Amino acid sequence: MNDTYLPREDILRLRDTALETGLADPSTRPLLLAGIMPRYRGVLPVLAAPGAQVQSDLEAMNRVERLVDGSVPLEIWLRNAVAQTAEAGPLAVFQSALDRVARDAAGEPDVPEPPSGETKEEIVFRDDTVPFEFLLAGEAAGRAVARLKVTPYEAGAPLGPGGYPHAGTGWLIAPGLLVTNHHVVNARTRTAAGRAPVDPGDLALQARNTRCRFDYGADAAAGATPPDEAAVAELLAWDEDLDYAVLRLADGPPREPLRIAADPLAVTPQEPVPVNIIQHPGGEPKRVALRNNLVYEADAKDVRYFTDTRGGSSGSPVLTDDWTVVALHRGTRRVEDVLYQGKTTAFVNVGTQISTIMQHLAEHSPAVHREIADAQALIGGRRPAEVV
């Protein structure tokens, strides 16, 4: 990695904030390093002065793009610092740094701040109850969602001896066809110069060497259930601007794909739409954000929605309450001056309308579009003409 994640002034600000909040106390250091590979933790220098220790740890982690298991130590440290901080001012310092590191590590595209005006008012959804069957349908939808590990290649060879994989989320849009973000398959950390372009041959290699792990929940992570991994046969279609990629799986047991919306999602400022996101944030076991994500704006290309925490994961399906996919999540940005669910900080997320992706496929990859449309027509008894 040629560039560090954070400039020196940000590292010093984090050090001072840790001293101010007591996180520089030697007894707290194990909590801040929890979750980082033990072998890496073991090579970090141990210093006597608390402030010097925090600065040394931060500077060392800031120089490491990711470890051999694909994890980003600075991102983990910042998540732990956020979890240990309650006071608003210091919390904002840690959250701001975490947002920048997480976006750059994932290679996410820039997400613009929401426009001023109506979207900066308090958003409260009045009725948060759903039918009990909502939970069962959500569990079924989750079976189509997988954690992805993508090994970056350069000049036809892996970038590192262990691969240094990038993590993301993908989901089945048709039997054997999986959708994720282009930037997930691109597998490059974003720097000050932007995302590095990847040679088409290397992009194809990265796709074919992607591992898709279904049913990766807390039990699977603890070893209680066997892994269910599927290999990728080829990269079928992609677009960098819409930030999508369609992969054909080489193997794996048959699974029911998710239903996709035939029409673009439309909202009004007076009636924000709650959505659900099934995700593998940072490559972690499967999680779901239930209805605390409110769509406040949608156009022909994008769906924009607020959350109260940074929980999104690139490539996740954005689903309405009937578990229909309306968008492909692609990026998150922390914003201030937004009163959302009692907090003054929120996260604005952007997803690409799934109907727009289907239109793009129809124009540029008609065979892939037809395969998806035929599969979607079998879900819920829809006719092919009803699928975009």
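For the stretch 227-235, the count of residues that are farther than 13 Å from Leu177 by Cα and touching a residue at least 60 places away in the same chain (Cβ under 8 Å) is zero.
Among the residues of the stretch 283-290, is there at least one that is assigned to a loop (DSSP other than H, G, I, E, B), over 15 Å from the mean Cα position of the chain (by Cα) and not β-branched (Val, Ile, Thr)? Scanning the stretch 283-290, I find no residue that is assigned to a loop (DSSP other than H, G, I, E, B), over 15 Å from the mean Cα position of the chain (by Cα) and not β-branched (Val, Ile, Thr), so the answer is no. Residues considered: Arg79, Arg41. Of these, the only one that is closer than 22 Å to Asp104 by Cβ and basic (Lys, Arg) is Arg79. For the stretch 196-218, which positions are among the charged types (D, E, K, R) and within 21 Å of the chain's Cα centre (by Cα)? Within the stretch 196-218, Arg208, Arg211, Arg213, Asp215 meet the criteria. Only one of Leu265, Leu236, Leu247 is crowded, with 17+ Cβ neighbours inside 10 Å and assigned to a loop (DSSP other than H, G, I, E, B); which? Just a single option satisfies the conditions, and that option is Leu265. Where strands (runs of 3 or more DSSP E) sit wholly within the stretch 299-356, those with at least 2 residues that are under 16 Å from Val273 (Cα atoms), of a type in the set (Val, Ile, Thr) and modelled with pLDDT under 95 occupy 302-307, 343-353.
Taken together, the criteria exclude Arg63 from residues that are loosely packed, with under 15 Cβ neighbours inside 10 Å and over 20 Å from Arg100 (Cβ atoms).
Return the only residue of Leu78, Leu58, Leu74, Leu91 being at pLDDT below 95 and either in a helix (DSSP H, G or I) or over 26 Å from Arg190 (Cβ atoms) (or both). So the residue among Leu78, Leu58, Leu74, Leu91 that is at pLDDT below 95 and either in a helix (DSSP H, G or I) or over 26 Å from Arg190 (Cβ atoms) (or both) is Leu91. Scanning the stretch 274-283 for any residue that is modelled with pLDDT under 95, crowded, with 22+ Cβ neighbours inside 10 Å and not assigned by TED's automatic domain parsing to the domain that holds Thr320 turns up nothing.
Once the stretch 145-180 is narrowed to residues that are small (Gly, Ala, Ser) and at positive phi, the residue that is modelled with the lowest pLDDT is Gly163.
Across the stretch 42-50, not a single residue is classified as part of a loop (DSSP other than H, G, I, E, B), buried (at least 18 other Cβ atoms within 10 Å of the Cβ) and out of contact with any Lys or Arg (no Cβ under 8 Å at 6 or more places or on another chain).
Only one entry of Arg15, Arg39, Arg29, Arg66 meets the criterion of being among the charged types (D, E, K, R), closer than 30 Å to Val185 by Cβ, out of contact with any strand residue (DSSP E or B) (no Cβ under 7 Å at 6 or more places or on another chain) and part of a helix (DSSP H, G or I), and that entry is Arg39. Within the stretch 140-187, the set of residues being closer than 28 Å to Asp322 by Cβ, in a strand (DSSP E or B) and in contact with a helix residue (DSSP H, G or I) (Cβ under 7 Å, 6 or more places away or on another chain) comprises Arg147, Leu148, Gly168, Ile173, Ala174, Leu177.
Restricting the first member to the stretch 369-387 and to residues that are acidic (Asp, Glu) and assigned to a helix (DSSP H, G or I), and the second to residues that are at pLDDT below 95 and surrounded by 12 or more Cβ atoms within 10 Å (Cβ to Cβ), the beta-carbon pairs closer than 6 Å and six or more apart or on different chains are Glu386/Ala262.
Do we have Pro227 as touching a helix residue (DSSP H, G or I) at 6+ places or on another chain (Cβ under 9 Å), of a type outside the set (S, T, N, Q), surrounded by fewer than 18 Cβ atoms within 10 Å (Cβ to Cβ) and modelled with pLDDT of 85 or more here? When the stated conditions are applied, Pro227 does not pass them.
The values are calculated or read from the model by the stated rules, or taken from the named source; none is laboratory data. Bear in mind that the values here come from a model prediction, so they are computed numbers and not experimental data. Backbone-built Cβ (ideal geometry, glycine too); neighbour counts: all protein chains shown.
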